[in-house]
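*Asks:* Would you mind keeping the following structure in view while I ask a few things?
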Amino acid sequence: MRPEIDLSAYARRIGHLQPLRPDLATVQAIVRAHVAAIAFENLDVLMGKPVDLDPLAIEDKLVHRGRGGYCFEHNRLLAEVLRTIGLAVVPLIARVQWNRPEDVPTAQTHMALLVTLDNERWLVDVGFGGLTLSSALRLQPGMEQLTPHEPYRLLHGAGEWRLQAKVAGQWRALYRFTLQPCEEVDFVVANHYVATHPDSPFTRELMVARTVPEQRLTLRNRAFTMHHRDGRSERYTLDGAREIRGVLERHFMLVLPAHPSLDRRLAALPD
C-alpha cells in the first residue's frame, strides 16, 4: 500500500491554486511552483542528522515543517504527488557530471523521475540544486528545450541519456542515466553515502538553492549569489551565523530547525 500524500497541504505549500489533474499543464505548473516554494538544502546532513526517505517523513519535513531537502527528498515527494493524481512515474538514478570531466566515472547519487503523459515520456527533476529543472523535459534526444530559465537538451547514445544545460552560452553536462527503474533499496544506499560519507560534499558544505521567476538563488557556505535571467549575477559574502540565518529565512523561505549545533555549524563555514 502506497502512502497517502496530503495533496491539499502540498498544493498550499507550493501555492498551486488550480485543480491537480493528470495532464502536462498541471505537471509544468507544479514543477515551477515546487522549485520556487521549497528550497534545495542540506542542513540536516551538515548537522549529522539522518535523512529519512519514508514519503510521509519527507512530507512532514518539506510540506508541514517549512523545510527543504535534497534530491532524494524533493523527487520522492513529487513522485508520490504525481502518482496520487494518476500519473505513471518511474524513479531513475543518475551519475552526476556537473563540474567533473565527462570521461571520469561517478557514483549513482542523484534521483530523477520519468513521467508518462499521454503516452509521451518526460524527465522531471526538482532536486538538482542551483540548476534544477524549472519545467519537465520531453525525453527526446538532441532537441534544445526552453524552460523559464536555461535551455536544456538530452543526448542519447550507448544506452545512456545525458542531460545538459546551456550556461553562459556553453552546453554543460549535469548528469547521465538509463531508463532502468531504480529499486528503493538503491536509493537508500545512495542516500546513506551522500549523507554520511566523508567524501560527500554534502557532509562538509552548506548547499542551498531556490529557483524563482527570473532568478536562481544559491548559497554555498557563506557565498550567496543571485543569478538573473539576463546573465547578471550579484554575489555577497555573508558574515557569521546571524547573517546566514537571515538569508536562509528571508531568501530561501526556510523554517530553520531548532537544533543546538546549527549556529555553531553555520559560524564555522568557510568562504
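*Asks:* Taking the conditions exactly as written (over 18 Å from ARG210 (Cα atoms) and within 14 Å of the chain's Cα centre (by Cα)), does ALA25 satisfy them or not?
*Replies:* No, not satisfied.
*Asks:* So, in region 99-122, how many residues would count as being touching a Lys or Arg at 6+ places or on another chain (Cβ under 8 Å) and within 19 Å of LEU77 (Cβ to Cβ)?
*Replies:* Looking only at that region, the number is 6.
*Asks:* Moving on to the next point. Which count do you get for residues in region 185-203 that are surrounded by fewer than 19 Cβ atoms within 10 Å (Cβ to Cβ) and touching a Leu at 6+ places or on another chain (Cβ under 8 Å)?
*Replies:* Going through region 185-203 one residue at a time, the tally reaches 2.
*Asks:* Of all residues in region 86-118, how many are among the polar types (S, T, N, Q) and either buried (at least 18 other Cβ atoms within 10 Å of the Cβ) or at pLDDT 95 or above (or both)?
*Replies:* Count: 4.
*Asks:* Here's a follow-up. Among the residues that make up region 24-46, is at least one of them assigned to a loop (DSSP other than H, G, I, E, B) and surrounded by fewer than 22 Cβ atoms within 10 Å (Cβ to Cβ)?
*Replies:* Checked region 24-46: no residue is assigned to a loop (DSSP other than H, G, I, E, B) and surrounded by fewer than 22 Cβ atoms within 10 Å (Cβ to Cβ).
*Asks:* Among the residues of region 142-151 satisfying the criterion of being surrounded by 15 or more Cβ atoms within 10 Å (Cβ to Cβ) and without any contact (Cβ under 8 Å) to a residue 24 or more places away in the chain, which is nearest to ARG216 (Cα to Cα)?
*Replies:* GLU150
*Asks:* Search region 226-246 for residues that are on the phi > 0 side of the Ramachandran plot and pair each with any residue that is not in a helix (DSSP H, G or I) when their beta-carbon atoms are under 8 Å apart and the residues are at least 6 apart or on different chains.
*Replies:* Going by the 8 Å Cβ cut-off, the qualifying pairs are GLY231/ALA168.
*Asks:* Next question, about the same structure. Report, ordered by the first and then the second residue, all pairs with beta carbons closer than 8 Å, sequence separation of six or more or different chains, a first member in region 50-70 that is hydroxyl-bearing (Ser, Thr, Tyr), and a second member that is assigned to a loop (DSSP other than H, G, I, E, B).
*Replies:* Partner pairs satisfying both residue conditions: TYR70/ASN42; TYR70/VAL51; TYR70/GLY127.
*Asks:* Being surrounded by 17 or more Cβ atoms within 10 Å (Cβ to Cβ) and of a type in the set (Lys, Arg) is the filter here, so list the residues in region 152-181 that pass it.
*Replies:* ARG153, ARG162, ARG176, listed by residue number.
*Asks:* Identify the residue in region 54-86 that is outside any helix (DSSP H, G or I) and in contact with a helix residue (DSSP H, G or I) (Cβ under 6 Å, 6 or more places away or on another chain) and, among all such residues, is nearest to GLU184 (Cα to Cα).
*Replies:* Here the answer is GLY69.
*Asks:* Name the residue, out of ARG76, ARG83, that is surrounded by fewer than 21 Cβ atoms within 10 Å (Cβ to Cβ) and at pLDDT 95 or above.
*Replies:* Within the list ARG76, ARG83, the selection yields ARG83.
*Asks:* Of everything in region 164-179 that's of a type in the set (S, T, N, Q) and in contact (Cβ under 8 Å) with a residue 12 or more places away in the chain, which residue is nearest to GLU150 (Cα to Cα)?
*Replies:* GLN164
The values are calculated or read from the model by the stated rules, or taken from the named source; none is laboratory data. In this text the structure is predicted, and so the values were computed from the model without any measurement. Here the Cβ is made from the backbone with ideal geometry for all residues, glycine too, and neighbour counts use every protein chain on show.
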